[in-house]
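What follows is a set of notes on a single structure, which appears directly below.
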Amino acid sequence: MTGNNQNELIQKAIAVLESLESGNPEAITSYVHPDRYIQHNQALADGRGAMLGALDHLKEIGTKVSVKRAFLDGDYVALHSVYDFHGPKVGFDIFRFEQGLIVEHWDNLQELVERTPSHHTMTDGPDTIRDLDKTEANKAYVQSYVENILGGKNPDLLPSYFDGDRYIQHSPHIADGLSGLGAALQALKERNVEFQYTHVHRIIGQGDFVLAVSEGHFDGRHTAFYDLFRVENGKIAEHWDVIEAILPAEKRKNSNSRF
């Protein structure tokens, strides 16, 4: 795939998100497959029609969308954005393309937290993609980290994934550094708060940015974890995340898996 085609897919995905703010259906009718659109946001019905049907309401309530990061991995485009509908939120969206049209969508949303222990926001930091030649190595490294540390396969390896205490944290309740991460994990353990990753469903990356999509449990709730990592010189240097509870079956508007 050429660089121009890569940019085109990202531009299409961003245009579709921005239509949620503008209410203009043109991007959706142009870039979303009319007959084969699989929706994994379980608060929405399947198909392109459900997305088009939501536009008037979203515009009426003053929906805002601001894309902060975008990257592409094969047929997948990942976007990291700030939303405002029924209050400010941070989200990740993943779109899968076939022959230039969007045929599948996943997302994860979380309420935006303004004051964080790290004094970073949930979305600030670098957005320029570097180290394209290291994409596959970085994806494998992040998958190893999620499985060994967050999934609990080999937690003793935790320090090996970081360059000392140099680690920039955007997760809204964790301080900077490996020390901040360790303190947060210990606090959850002491409070008997369940925090468990059970399965890594998808790893999407481009250059130094890698997004891990995982399933697990948090504080007694079935949960989707979206973790974005920036890898620098073979170590995890920065982290953003969005954590969202999965809807119970009786509240879902489609029968697709969340993942």
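The values are calculated or read from the model by the stated rules, or taken from the named source; none is laboratory data. Here the structure is a predicted model, which means the values were calculated and not measured. Cβ: placed from backbone, ideal geometry, glycine included. Neighbour counts: every protein chain shown.
Remark: pairs (first residue in the range 12-30, touching a residue at least 60 places away in the same chain (Cβ under 8 Å); second residue of a type in the set (Gly, Ala, Ser); Cβ separation under 6 Å; 6+ apart in sequence or on different chains) = VAL16/ALA27.
Going by what's in this entry, would GLU194 be described as of a type in the set (Asp, Glu), assigned by TED's automatic domain parsing to the domain that holds ASP227 and touching a His at 6+ places or on another chain (Cβ under 6 Å)?
yes
Inspect the range 9-21 for any residue being closer than 30 Å to THR121 by Cα and either assigned to a loop (DSSP other than H, G, I, E, B) or in contact with a Pro (Cβ under 9 Å, 6 or more places away or on another chain) (or both) and give the result as yes or no. Within the range 9-21 (the criterion being closer than 30 Å to THR121 by Cα and either assigned to a loop (DSSP other than H, G, I, E, B) or in contact with a Pro (Cβ under 9 Å, 6 or more places away or on another chain) (or both)), the answer is yes, since at least one residue qualifies.
Applying the set (1) surrounded by fewer than 19 Cβ atoms within 10 Å (Cβ to Cβ); (2) of a type outside the set (Asp, Glu); (3) in contact (Cβ under 8 Å) with a residue 40 or more places away in the chain to TYR37 leaves exactly one unmet item: (1).
Here GLY74, GLY3 are screened, and the one residue that is within 28 Å of ILE129 (Cα to Cα), at pLDDT 95 or above and of a type in the set (Gly, Ala, Ser) is GLY74. There is at least one residue in the range 114-135 that is surrounded by fewer than 15 Cβ atoms within 10 Å (Cβ to Cβ), in contact with a Gly (Cβ under 9 Å, 6 or more places away or on another chain) and part of a helix (DSSP H, G or I). For beta carbons closer than 9 Å, sequence separation of 6+ or different chains, a first residue in the range 164-175 that is under 17 Å from THR121 (Cβ atoms) and surrounded by fewer than 20 Cβ atoms within 10 Å (Cβ to Cβ) and a second that is of a type in the set (Asp, Glu) and modelled with pLDDT of 95 or more, the qualifying pairs are ILE168/ASP176; ILE168/GLU238. The residues on offer are LEU185, LEU181, and the sole one that is over 15 Å from the mean Cα position of the chain (by Cα) and surrounded by fewer than 20 Cβ atoms within 10 Å (Cβ to Cβ) is LEU185. Pairing residues of the range 232-255 that are without any contact (Cβ under 8 Å) to a residue 40 or more places away in the chain with residues that are crowded, with 18+ Cβ neighbours inside 10 Å and β-branched (Val, Ile, Thr), at Cβ distances under 9 Å and at least 6 apart in sequence or on separate chains, gives ALA245/THR223.
Go through the range 149-181 and give me each residue that's in contact with a Phe, Trp or Tyr (Cβ under 8 Å, 6 or more places away or on another chain) and not β-branched (Val, Ile, Thr).
Filtering the range 149-181 down to residues in contact with a Phe, Trp or Tyr (Cβ under 8 Å, 6 or more places away or on another chain) leaves 149-152, 161, 170-171, 176-178, 180-181.
Answer for the range 149-181, where residues must be in contact with a Phe, Trp or Tyr (Cβ under 8 Å, 6 or more places away or on another chain) and not β-branched (Val, Ile, Thr): LEU150, GLY151, GLY152, TYR161, HIS170, SER171, ASP176, GLY177, LEU178, GLY180, LEU181.
Restricting attention to the range 26-74, the residues that are part of a loop (DSSP other than H, G, I, E, B) and under 19 Å from ASN108 (Cα atoms) add up to 10.
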